[in-house]
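Here's the structure, in structure tokens; my notes come after.
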Amino acid sequence: MDFDLSEEQRMLQESVERLISERYDFEHRKTYMKEAPGFSKTLWAQYAELGLLGLPFAEKYGGSGGGAVETMIVMQAFGRGLALEPYLATVVMGGGLIALAGSEAQRTTILPRIASGDLLLAFAHSEPQARYELSDVACTARRGADGWILDGQKSFVLHGDCADQLIVSARIGGEQRSAQGIGLFLVDAHAEGIGRRGYPTQDGLRSAEIRLSGVKVNSNAALGEPGNAADTIQRIAEHALAATGAEAVGAMAAAHELTVDYLKTRKQFGVTIGSFQALQHRAVDMLVHLEQARSMSLLATMMLDEPDPVERSKTISAATVQIRRSGKFIGQQAVQLHGGIGMTLEYKIGHYFKRFTAMESMFGDTDHHLAALARAGGLL
């Protein structure tokens, strides 16, 4: 099997990595974090100019017809720079849901606005009681005079405080943990009855708690057939896991490079600490974990197009387990090898570890995916 990137993919990789290296050093990142939405609007517009925001969408919707590999390339570059922009929330999850479940009218209206950078989306799905169970949805949608009325609470909505529109999962029938009876609804984030409380997360991104109280939406706000959204939610969770896995690989690579450079320059007892064999072995162990994660990230990316849902799901869970274990190991080793400076907010290495830790709980932690893999009979 040929794992080499095509010429177009290599050009994409070079352009995105160059942009991140030039515009996303640590000092720039701290400046972007202080902007009102928690990220750089200027860079977001530049992403649109480069075609990154429309990358996964068909050309007729203003995109470039890219696939999972192109998204992986972008997310790896963003991981290296610890990018703050809502690419995962808006393009991968929000745009992905529209592409998967939206009507032709919804795709034609919404996807070009995402590609141009004019529309921010957030996927409001997680709820306080649900833990990692995707089908545990207590938020309700009941029929109104000319549409739907939504009530409930959503938690940990990534970039939910700056989104223009929300894609809300809500139950229209069935038991609270049943996969049947869940719908997806496109909701104006400023609609009457919506309360949003935004807050910064430990890794520097933004999230929100969202309360819906009698929020009215039209019938055409539903994505797909109301009541049959469970499979779509599962698919977009898999896309998010593959994307964050690629981001983690980019962050791991940068953390490893920073650590090796530090070992080559930091002196103790009159010599660089990188001359100590024990520390050399630790750096090699970090590299081994990085390459394991890189291989599994590529596997997860390739499996996104697998038609068998069981094989797809368990393979992505297996990849997630390895990537997160690698991220934890590399983060711990990087901080320890840096010594005291690795614990300070003023130095970048600890922020990579924070990002690895935050990724750990997205759409299920390591133990959750290990248990899911065991229930599916293992990978082989």
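Here, each number is a calculation from the coordinates, and none is a lab measurement. None of the values given here were measured: they were computed from a predicted structure. Every residue, glycine as well, gets a Cβ built from its backbone with ideal geometry; the counts of neighbours run over all protein chains shown.
Please state, rounded to one decimal and in Å, the Kirkwood hydrodynamic radius that region 43-175 gives when every pair of distinct Cα atoms enters the mean of 1/r.
15.9 Å
Work out the charge dipole of region 231-375 with +1 on the Cβ of Lys and Arg and -1 on the Cβ of Asp and Glu about the Cα centre, then indicate which of Phe363, Gln268, Gln332 is farthest towards its positive end.
The listed residue farthest towards the positive side: Gln268.
Rank-order 247-255, 259-267, 61-69, 168-176 by packing density, defined as the average count of other C-beta atoms within 10 Å over each peptide's residues, highest first.
247-255, 168-176, 61-69, 259-267
Cα extents of region 199-324 along the three principal axes, largest first, in whole Å?
Sorted largest first, the three principal extents are 72, 38, 16 Å.
Among Gly79, Ala124, Leu100, whose Cα projects farthest towards the positive end of the dipole of region 78-153, with charges put on the beta-carbon of Lys, Arg (+1) and Asp, Glu (-1)?
Farthest towards the positive pole: Gly79.
Could you give log10 I(q)/I(0) at q = 0.11, 0.13, 0.16, 0.22 Å⁻¹ for region 122-227, computed by the Debye formula over C-alpha point scatterers of equal weight, without solvent?
Taking Cα atoms of region 122-227 as identical point scatterers yields -0.30, -0.42, -0.63, -1.16.
Given the DSSP H assignment, sum -39500 (n - 2.57) over each helix run of at least 4 residues in the chain and divide by its residue total; what's the result at 222 nm in deg cm²/dmol, nearest 500?
-16000 deg cm²/dmol, from helical runs alone.
Relative to the longest principal axis of the chain, what angle (0 to 90°, nearest 10) does the C-alpha long axis of helix 349-359 take?
For 349-359 against the chain, the angle is about 30 degrees.
Would you mind ranking Arg355, Arg177, Arg113 by Cβ crowding within 10 Å, fewest neighbours first?
In order of increasing Cβ crowding within 10 Å: Arg177, Arg113, Arg355.
With only alpha-carbon pairs counted, each pair once and no self-pairs, how large is the Kirkwood hydrodynamic radius of the chain in angstroms?
Value: 21.4 Å, from the Cα pair sum.
Return the FRET efficiency for the residue pair Leu379, Phe26: r is the Cβ-Cβ distance, R0 is 51 Å, and the value is rounded to the nearest 0.05.
The formula returns an efficiency of 0.85 here.
State the Kirkwood hydrodynamic radius of region 209-254 in Å, one decimal place, computed from all pairs of distinct Cα atoms.
Hydrodynamic radius (Kirkwood, Cα only) of region 209-254 equals 13.8 Å.
Find the eigenvalues of the gyration tensor of the Cα atoms of region 7-119, then list the square roots of 5 times those eigenvalues as equivalent ellipsoid semi-axes, largest first, in whole angstrom.
Working from the Cα gyration tensor, I get semi-axes of 24, 17, 11 Å.
Using the Karplus curve 6.51 cos²θ - 1.76 cosθ + 1.60 with θ = phi - 60°, work out ³J(HN,Hα) for each residue of region 115-125 in order, rounded to whole Hz, and write x for Gly and Pro.
4, 7, x, 8, 9, 10, 10, 9, 9, 8, 10
What are the extents of the Cα atoms of region 105-145 along their three principal axes, in Å, largest first?
Reported extents, whole Å, longest axis first: 36, 31, 13.
Taking Cα atoms, how many degrees apart are the long axis of helix 309-338 and the longest axis of the chain, rounded to 10 and kept between 0 and 90?
40 degrees
So how strong a dipole does the chain carry about its Cα centre when Lys and Arg Cβ are +1 and Asp and Glu Cβ are -1, to the nearest 20 debye?
Roughly 1080 debye, rounded to the nearest 20.
Volume per residue, Å³, of the convex hull around the alpha-carbon atoms of region 271-361?
Enclosed volume per residue, from the Cα hull, is 94 Å³.
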